[in-house]
Amino acid sequence: MHVSHTTPAVPAALTTAEAAARLDAFTVVDVRTPGEYASGHLPGAHNVPLDRLGEASAALTEAAGRRPLLLVCASGARSARGGARLADLGVPAATLEGGTGAWAAAGHPLERRAGARTPWPMDRQVRLAAGSLVVAGFLAGLALPPAHWLSGLIGAGLVFSGATGTCGMAMLLARLPHNRPGRDALPFEETLTRLTA
């Protein structure tokens, strides 16, 4: 896979060791929510949440013309989806296997602003919300049997999420205040400007 005629080939996925050895050669793009990004990200990473990749496509195309892109998330799942979306737009990007979790576990540094809040990773938030709704549906169903449908609907949503690689619950949770940018966060438009600089 080639980013341009002058950029060397970039593998689809990099291990933490491969990424650490070449980190300065990449434009690192973190596709997690602003809240997750603030809790700790790879050095020099730009925050472009997965749901805003379309808005950032021109800036990412320009950045990829200068240096290969490395997409990062918490575990590697969202960055893989982001890589597929960018590939559909003709923008090649590598991903980090295991995401920031694997990066930190390998002893590599994470940057975070002093005093930044640390929300749970999105997959953990989804598990808590889905599990809580299933239990609530079960318990409510003991008194009012139609309430069992809540548990069934959540289960169906999880099956759909697993089959399609999309998660409606994660999209809703990403909009909650603790997952939104803090007051001291870099505005999205400034991130786009830095990507094109």
Could we say that residue 124 is of a type in the set (D, E, K, R) and either farther than 30 Å from residue 17 by Cβ or touching a helix residue (DSSP H, G or I) at 6+ places or on another chain (Cβ under 9 Å) (or both) here? no
Please go through the range 73-90 and pick out each residue that is in a helix (DSSP H, G or I), touching a Gly at 6+ places or on another chain (Cβ under 9 Å) and open to solvent by less than 20 Å² (accessible area, probe 1.4 Å). 79
Could you list, in sequence order, all residues of the range 51-72 that are open to solvent by less than 20 Å² (accessible area, probe 1.4 Å) and out of contact with any Phe, Trp or Tyr (no Cβ under 9 Å at 6 or more places or on another chain)? 53, 59, 60, 63, 64, 71
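When the range 108-157 is examined, which residues are found to be open to solvent by 90 Å² or more (accessible area, probe 1.4 Å), outside any helix (DSSP H, G or I) and of a type in the set (A, V, I, L, M)?
114, 144
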Given 104, 12, 19, which one is of a type in the set (A, V, I, L, M) and exposed (fewer than 15 other Cβ atoms within 10 Å of the Cβ)? 12
Step by step: first the residues of the range 91-101, then only those that are in contact (Cβ under 8 Å) with a residue 40 or more places away in the chain and not in a loop (DSSP other than H, G, I, E, B), then the one that is surrounded by the most Cβ atoms within 10 Å (Cβ to Cβ). Which residue is that? 96
For a quick check of your reading of the model, give me the residue pairs whose first member lies in the range 59-74 and is among the acidic types (Asp, Glu), whose second is in a loop (DSSP other than H, G, I, E, B), with beta-carbon atoms closer than 6 Å and at least 6 apart or on different chains. none
Sort out which residues of the range 173-196 are within 24 Å of residue 58 (Cα to Cα) and among the acidic types (Asp, Glu), and write them in order of number. 189, 190
Flagged in the range 163-192 as surrounded by 17 or more Cβ atoms within 10 Å (Cβ to Cβ), closer than 16 Å to residue 123 by Cα and over 15 Å from the mean Cα position of the chain (by Cα), in numbering order, are none
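The values are calculated or read from the model by the stated rules, or taken from the named source; none is laboratory data. Since the model is a prediction, treat every value here as computed from it, not as a measurement. Heads up, the Cβs are rebuilt from the backbone with ideal geometry, glycines too, and the neighbour counts pull from every protein chain shown. Surface accessibility is based on the protein's heavy atoms, side chains included, excluding ligands, DNA and RNA. Shrake-Rupley method; radii C 1.70, N 1.55, O 1.52, S 1.80 Å.
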